[in-house]
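Chemist: Sending over a structure as structure tokens; questions will come in a sec.
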Amino acid sequence: MKVVAPARAVTEVDGLSGRRYRATDGIYEMSPRDGRALVQAGGFLPSLAGATSRAFGYRCPADGFGSFFVTCSRCGGTCEKE
Ligand SMILES: [Zn+2]
């Protein structure tokens, strides 16, 4: 299952199973058990994250890409806080 990271600074999380997950663009691909645990800890399901671009917090001034990170994952530019 996919789980959206609870905070933009979070790029790694340990699941209940002891497995370590790395986020890709703020999304974790986790086992159902670990995913549910992360949701309870503050993560959320992509289907519930309707306004993802607003939740991400950064936007690239060069191409308008909404980003979870300061560095634009599309062009590598520096994003500004929304
Ligand atoms: Zn960009």
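Chemist: Report every pair of residues separated by at least 6 positions or lying on different chains whose Cβ atoms are under 8 Å apart, first residue within the range 62-82 and of a type in the set (Phe, Trp, Tyr), second outside any loop (DSSP other than H, G, I, E, B).
Modeler: Once the first residue is of a type in the set (Phe, Trp, Tyr) and sits in the range 62-82, its partners that are outside any loop (DSSP other than H, G, I, E, B) give PHE65/ARG59; PHE68/PHE56; PHE68/TYR58; PHE69/TYR58.
Chemist: What do you reckon, is GLY50 surrounded by fewer than 12 Cβ atoms within 10 Å (Cβ to Cβ), at pLDDT 85 or above and more than 16 Å from the ligand (Cβ to nearest atom)? Let's see the steps before the verdict.
Modeler: Working: surrounded by fewer than 12 Cβ atoms within 10 Å (Cβ to Cβ): yes; at pLDDT 85 or above: no; more than 16 Å from the ligand (Cβ to nearest atom): yes.
Spelling it out, it is not the case that GLY50 is surrounded by fewer than 12 Cβ atoms within 10 Å (Cβ to Cβ), at pLDDT 85 or above and more than 16 Å from the ligand (Cβ to nearest atom).
Chemist: Looking at ALA55 and the list (1) part of a loop (DSSP other than H, G, I, E, B); (2) modelled with pLDDT under 85; (3) touching a strand residue (DSSP E or B) at 6+ places or on another chain (Cβ under 9 Å), which single condition is not satisfied?
Modeler: Single failed check for ALA55: (1).
Chemist: Please go through the range 14-33 and give me each residue that is crowded, with 19+ Cβ neighbours inside 10 Å and more than 24 Å from PHE65 (Cβ to Cβ), ordered by number.
Modeler: Within the range 14-33, just MET30 meets the criteria.
Chemist: OK, next. So GLY42 clears everything in (1) at pLDDT 85 or above; (2) part of a loop (DSSP other than H, G, I, E, B); (3) away from the ligand (no atom under 16 Å from the Cβ) except one condition, right? Which one?
Modeler: The one condition GLY42 does not meet is (1).
The values are calculated or read from the model by the stated rules, or taken from the named source; none is laboratory data. Computed from a prediction, not measured in an experiment: that's the story for all the values here. Ideal geometry is used to build each Cβ from the backbone, glycine not excepted, and the neighbour counts take in all protein chains shown.
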